[in-house]
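The values are calculated or read from the model by the stated rules, or taken from the named source; none is laboratory data. Quick caveat: nothing in here was measured; it's all calculated off a predicted structure. Cβ placement follows ideal geometry from the backbone for every residue including glycine, while neighbour counts extend to all protein chains displayed. Keep in mind that these areas ignore ligands, DNA and RNA; they rest on the heavy atoms of the full protein, side chains included. Shrake-Rupley method; radii C 1.70, N 1.55, O 1.52, S 1.80 Å.
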Amino acid sequence: MTTPAPALTPNRTDPHWWKVPLGVTLPGLPLLVGEFAFFGADGYTSGIEVIMTLAAVLLALSWLPPYRRSFRVPRIVTASAALLLIAAPFALAVLMGLAMASG
């Protein structure tokens, strides 16, 4: 006879806490490093650099403890916001390039 797994209480560690931050870090970190290399080379602080710094901070916050189940939603929100802010400067640069190329 098997015993059922104990239910997670709010103070127990969530066994899947690492999945969302990893899912954001794998595509987001190379893009963020590339953006820092591309946009951060001018030597002054621009609005895009502030967005990239905020994205890096949010990405780091999504990995921080505690790893309780009650922190699942804030972890998902910070990771999703980080990915959105990581993709925003790149998408803006692509859209501006398309607009300039169209005439």
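Things worth noting here:
- 0 to 90° range, to nearest 10: angle between helix 19-39 axis and the chain longest Cα axis: 20 degrees
- Principal-axis analysis of the Cα atoms of the chain puts helix 47-63 at an angle of about 10° to the longest axis.
- Largest first, the residues Val20, Val57 sort by 1.4 Å accessible area into Val57, Val20.
- What the Cα atoms of the chain give is an Rg and a Dmax of 18.4, 72 Å.
- Residues with amide H under 5 Å from that of Arg68, placed H, sequence gap 5 or more: Asp14
- The Thr2 and Leu29 beta-carbon pair, evaluated with R₀ = 30 Å, returns a calculated FRET efficiency of approximately 0.15.
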